[in-house]
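The values are calculated or read from the model by the stated rules, or taken from the named source; none is laboratory data. Please read these numbers as outputs of a predicted model, since none were measured by experiment. Note: ideal-geometry Cβ built from the backbone for every residue, glycine included; neighbour counts use all protein chains shown. Protein only, heavy atoms only, side chains kept; ligands, DNA and RNA dropped before computing areas. Shrake-Rupley method; radii C 1.70, N 1.55, O 1.52, S 1.80 Å.
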There are 2 protein chains.
Amino acid sequence: MKFDDKIPIYYQIKTHLYHEMLTGKLKPGEKLPAVRQLAVDLTVNVNTVQRALTEMMTEKAIISQRGKGNFVTADQAQLAKLKEQLVMAQLAQVYEQLHGLNLTDTEIIASLQRYIEKREAQPDVKSIND
Amino acid sequence: MKFDDKIPIYYQIKTHLYHEMLTGKLKPGEKLPAVRQLAVDLTVNVNTVQRALTEMMTEKAIISQRGKGNFVTADQAQLAKLKEQLVMAQLAQVYEQLHGLNLTDTEIIASLQRYIEKREAQPDVKSIND
DNA sequence: CCTAGTGTTCTATTTAACTATTACACTATA
DNA sequence: TATAGTGTAATAGTTAAATAGAACACTAGG
């Protein structure tokens with residue numbers, strides 16, 4: 001996996017795992033790969049994986065069982081809540097940034113639509129993500 | 001100034017200065033505060049400021065003149081270009097994140113509108129930024 | 001020419017993230 | 001009860017960001 005060197009790896013691992021959970025690649029109650037396996041898959045150290053997982057336990061996203069494994073919470077309401085939080089945090093970030101650049105609400109929405117249109121015109125990028 | 005400990009300070013300083021330039025607090029051709037003064041204002045080390053500025057020179061956002069000071073580029077087209085790049089980079093980031101969470105284009109725009117509406121309903125936050 | 005104000009560079013140190021390695025604790029099962 | 005698979009923790013070493021402090025290079029003005 002490729003990491004952004006501007007953000008701590010353990011934090012990017014959290015984000016990665018949240019994506020897997022929230023897109024259904026990892027289902028509610030499902031067992032995650034073993035920490036050592038995750039470390040291999042992500043080409044990082046076990047401790048770095050562990051740090052990410054420890055925070056996710058605190059956030060009630062996963063439940064850890066010593067000797068058994070780490071499991072995605074089976075609480076669907078909790079998952080939905082986490083997803084909402086993630087989406088809102090993302091939106092807040094851009095919104096505040098663009099608002100700080102003196103763009104009005106209307107302009108912000110318009111520029112997002114403009115971005116999406118532009119993006120549609122680039123089959124290369126689009127095909128990767130669709 | 002308060003920094004996000006997830007992102008290098010020098011990088012946040014760049015972002016900060018770009019905001020000042022692109023919102024007109026620092027006008028085209030205008031002289032920036034001296035590096036030592038900026039370090040005091042931002043409560044960071046001179047070297048950290050310098051690192052941010054060095055990158056901004058590479059990006060043709062500012063022009064440095066030894067013995068005189070650092071100046072915002074007077075090239076308005078260049079500034080407009082930088083602003084567009086900044087806005088698009090921001091939008092790309094959220095879009096890809098949300099799209100990665102399986103939100104459709106329509107849902108992404110809708111959730112942004114929802115965020116803005118929610119935000120309007122919170123006079124505390126709003127008053128700070130308007 | 002001197003001095004104050006500026007950008008630039010360098011060395012040394014500290015701190016946090018990350019890595020490598022090992023050990024310990026618990027579970028299931030043969 | 002032994003063993004393999006799992007999570008957890010601790011130690012030590014590496015690296016990059018940031019700091020502190022000093023020095024160097026250039027400009028403007030008295």
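In chain B, Cα pairs under 8 Å separated by at least six residues give a relative contact order of 20 percent.
Can you compute the charge dipole magnitude of the stretch B:9-74 about its Cα centre, using +1 on each Lys and Arg Cβ and -1 on each Asp and Glu Cβ, nothing else charged? Give it in debye, rounded to the nearest 20.
180
Taking one quarter of the surface of the C-alpha convex hull of the protein assembly as shown gives a mean projected area of 16.4 nm². Taking Cα centre as origin and charging only the Cβ of basic (Lys, Arg, +1) and acidic (Asp, Glu, -1) residues, the dipole magnitude of chain B rounds to 640 debye.
With viscosity set to 0.692 mPa s at 37 °C, what whole-number translational diffusion coefficient in µm²/s follows for the stretch B:1-91 from Stokes-Einstein and a Kirkwood radius over Cα pairs?
Numbers: Rh = 13.4 Å.
Approximately 245 µm²/s, per Stokes-Einstein.
Modelled spin labels at A:Phe3 and A:His16, positioned 7 Å past Cα toward Cβ, are 0.8 nm from each other.
Only helical DSSP H runs with n ≥ 4 go in: add -39500 (n - 2.57) per run for chain A, normalise by residue count and round the 222 nm mean residue ellipticity to 500 deg cm²/dmol. Don't jump to the answer; show the numbers that get you there.
On the way: 6 runs with 83 residues, N = 130.
So the calculated ellipticity at 222 nm is -20500 deg cm²/dmol.
Compared with the dominant Cα axis of chain B, that is its longest principal axis, helix B:46-58 is turned about 80°. Amide H to amide H distances under 5 Å link B:Ile62 with B:Met57, B:Thr73, where only residues 5 or more positions off or on other chains count and H is placed in the peptide plane. Summed over both chains, the area buried between A and B is near 4000 Å², taken from the accessible surface of protein heavy atoms with a 1.4 Å probe.
In cubic angstrom, how much convex hull volume per residue do the alpha carbon atoms of the stretch A:77-129 span?
Details: hull volume 5.3 nm³, N = 53.
Once divided by residue count, the hull of the stretch A:77-129 is 100 Å³.
Here the stretch B:54-122 and the stretch A:15-79 have alpha carbon centers that stand 32 Å from each other.
For the protein assembly as shown, give the percent of accessible area contributed by carbon and sulfur heavy atoms, probe 1.4 Å, rounded to a whole number. Before the final figure, lay out each step's value.
Numbers: 7890 of 14870 Å².
It is 53 percent, rounded to a whole number.
For B:Lys60, a cut-off of 19 angstrom between C-alpha atoms picks up these lysines, skipping any fewer than 8 places away in its own chain: B:Lys14, B:Lys25, B:Lys27, B:Lys31, B:Lys68, B:Lys81, B:Lys83. Taking every protein chain into account, the accessible area of the protein assembly as shown amounts to 57 square angstrom per residue (probe 1.4 Å).
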